[in-house]
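Student: Next up is a structure, given as structure tokens.
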Amino acid sequence: MSAEPFLPTPSPAPRFGVWLIGARGSVATTAIAGCAAVAAGLHPPTGMVTEAPDFTSCGLPPLSSLVFGGHDTVDCPLPKRAEHLADGGVLPYGLPSAVHAELVAADREIRPGGPPPGDTGRTQDQWIDVFAADIRDFVRRQDLAGAVVINVASTEPAPTDGSLPPSSLYAAAALRAGCPYVNFTPSTGLHHPALAPLAASSGLPYAGRDGKTGQTLLRSVLGPMFLQRALAVRAWSGTNLLGGGDGAALADPAAAAAKNAGKERVLADTLGAAPEGEVHIDDVPALGDWKTAWDHIAFDGFLGARMVLQTTWQGCDSALAAPLVLDLARLVARAREKGLTGPLSELGFYFKDPVGDGPASLAEQYTELRRFAGRLRADTDARGAQR
């Protein structure tokens, strides 16, 4: 009888950390629960661009390899937060129970955020050290191949002095811990002038700012349409009605101004100049995690004919944002693995205010993203051929 051939035990797939700033918020909870649900085959990956055919052979970490942790200033446990979201229709009924173990595991990895308002107990550099130590400890204890830090916290007002706001402290901590950083919010993050030298010398990839999920996503499609059809946009006004944590945060005029800056920048970039009109944001607590965005576009046609286009977007911010957060975690983790550094302008598809140089039109941004996928795929194919 011939001996059976020896088959070596395959090495376990490397695991990658996703460290979320605002880890107990609606977006983070939806991303964590959704990742577990999709990885287990309970739901399809609707909304995840990285699950499309162009991206399936790029060497991206599988969803089952992602390990979650993060910082937050609130103490509501993730399982309870998920139940609240299910009650509001954001998560499917029964999903919090189905992924309870994954939510508990992630909740164990959440550390206290900060600094609290008016805190004088630590210097800014000490806060950065504390946050960086939390991230390094997470990577070490979980035996991870690396981690990506993603800011999904509520929008903060733009700083009015030279100090670093909380989002910038977290961004600096990510780089100090040796982790790529993604800013999915309009907050300052790495955009603070004091952090430019650190970002440039870190040797790490980074991406952001301000995830493009609803009203601005539509603007990035419609703006080029008007330009390409030589239709003169006279005014573009908008209103956002939203509740939940974002609605409460954006009730602060300074935070709303930071949010609106990205919306207006998309129009200026796609049309060549910002048209008349403003975006108004109203907090409507009864809407919970749902939002309604309305746009009124006044434009001129042939021989000066006055015309109007109105759009209404109704959706759930968390459900729109969560798959993009998972996309970015996978893409940036792979970029880090590949040795890419600096601003990842190819990821502008995901943001209102992308880092680096790149197109403003959504179609052109998607073309850049596909090229980026091609680079990752070529590298993966080359490694496979060498084995």
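The values are calculated or read from the model by the stated rules, or taken from the named source; none is laboratory data. None of the values given here were measured: they were computed from a predicted structure. For neighbour counting, all protein chains shown are included, and Cβ atoms are generated from backbone atoms with ideal geometry for every residue, glycine included. For accessibility, only protein heavy atoms count, side chains too; no ligands or nucleic acids. Shrake-Rupley method; radii C 1.70, N 1.55, O 1.52, S 1.80 Å.
Student: Suppose accessible area is computed on protein heavy atoms with a 1.4 Å probe; arrange 368, 276, 83 from highest to lowest.
Tutor: Greatest to least solvent exposure: 276, 83, 368.
Student: I would also like to ask the following. Please list, in chain and number order, the residues 5+ apart from residue 279 or on another chain whose amide H is under 5 Å from its amide H, with Hs placed from the backbone.
Tutor: HN-HN under 5 Å from residue 279: 238.
Student: Could you order 352, 80, 338 so the one with the most accessible surface comes first? Probe is 1.4 Å.
Tutor: Result of the area sort, largest leading: 80, 338, 352.
Student: So what J values fall out for the stretch 294-310 if you push phi through Karplus, 6.51 cos²θ - 1.76 cosθ + 1.60 with θ = phi - 60°, rounded to Hz, Gly and Pro as x?
Tutor: Couplings: 10, 10, 10, 10, 9, 9, 9, x, 4, 6, x, 4, 7, 9, 9, 10, 10 Hz.
Student: Report the accessible area of residue 280, computed with a 1.4 Å probe over the heavy atoms of all protein chains in place, in Å² rounded to the nearest 10.
Tutor: 100
Student: How do 206, 170, 366, 93 stack up against each other in accessible area, from largest to smallest, with a 1.4 angstrom probe?
Tutor: Details: 206 40, 170 20, 366 70, 93 220 Å².
So the residues, ranked largest to smallest area, are 93, 366, 206, 170.
Student: Here's something else I'd like to know. Per residue, how many Å² of accessible area does the stretch 119-166 show with a 1.4 Å probe?
Tutor: 50
Student: Please report, ordered by residue number, every helix of the chain (full DSSP H runs) that is 24 Å or longer along its axis going by C-alpha atoms and whose mean Kyte-Doolittle hydropathy reaches 0.0.
Tutor: 317-338
Student: Quick one: how many lysine pairs in the chain have C-alpha atoms under 27 angstrom apart, if they're 8 or more apart or on different chains?
Tutor: Qualifying lysine pairs in the chain: 12.
Student: Still on this structure, please answer the following. Could you pull out every residue, at least 5 positions away or on a different chain, whose amide H is within less than 5 Å of the one on residue 184? Hs are placed 1.01 Å off N in the peptide plane, and Pro or chain starts have none.
Tutor: Amide H to amide H, under 5 Å and 5 or more residues apart or across chains, residue 184 pairs with 151, 210.
Student: Any chance you could look up the accessible area of residue 295 with a 1.4 Å probe, heavy atoms only, rounded to 10 Å²?
Tutor: 10
Student: Given a 1.4 angstrom probe, I'd like the percentage of the accessible area of the stretch 270-323 that is carbon and sulfur, rounded to a whole number.
Tutor: Whole-percent figure for carbon plus sulfur exposure: 57.
Student: Another question about this same structure. Which value, in Å² and to the nearest 10, is the accessible area of residue 221 when all protein chains are kept and the probe is 1.4 Å?
Tutor: Around 70 Å² of this residue is reachable by solvent.
Student: Can you work out the Karplus-derived ³J(HN,Hα) for every residue in the stretch 193-203? Use 6.51 cos²θ - 1.76 cosθ + 1.60 with θ = phi - 60°, whole Hz, and x for glycine or proline.
Tutor: Those phi angles translate into x, 5, 9, 4, x, 5, 4, 5, 9, 6, x Hz.
Student: Between 112, 207, 177, whose Cα lies farthest towards the positive end of the dipole of the stretch 103-235 when Lys and Arg beta carbons carry +1 and Asp and Glu beta carbons carry -1, centred on the Cα centre?
Tutor: 207
Student: Let me ask something else about it. Is the stretch 147-214 rounded, prolate or oblate when judged by the Cα gyration tensor, a ≥ b ≥ c being the square roots of its eigenvalues, rounded requiring a/c under 1.5 and prolate requiring a/b larger than b/c? If you can, show how the numbers build up before the last one.
Tutor: Values: a/c = 1.85, a/b = 1.13, b/c = 1.64.
Oblate, because a/c is 1.5 or more while a/b does not exceed b/c.
Student: If you don't mind, there's one more thing I want to ask. Could you list which residues have their amide H under 5 Å from that of residue 158, counting only those 5 or more apart in sequence or on another chain, with H placed in the peptide plane?
Tutor: 258
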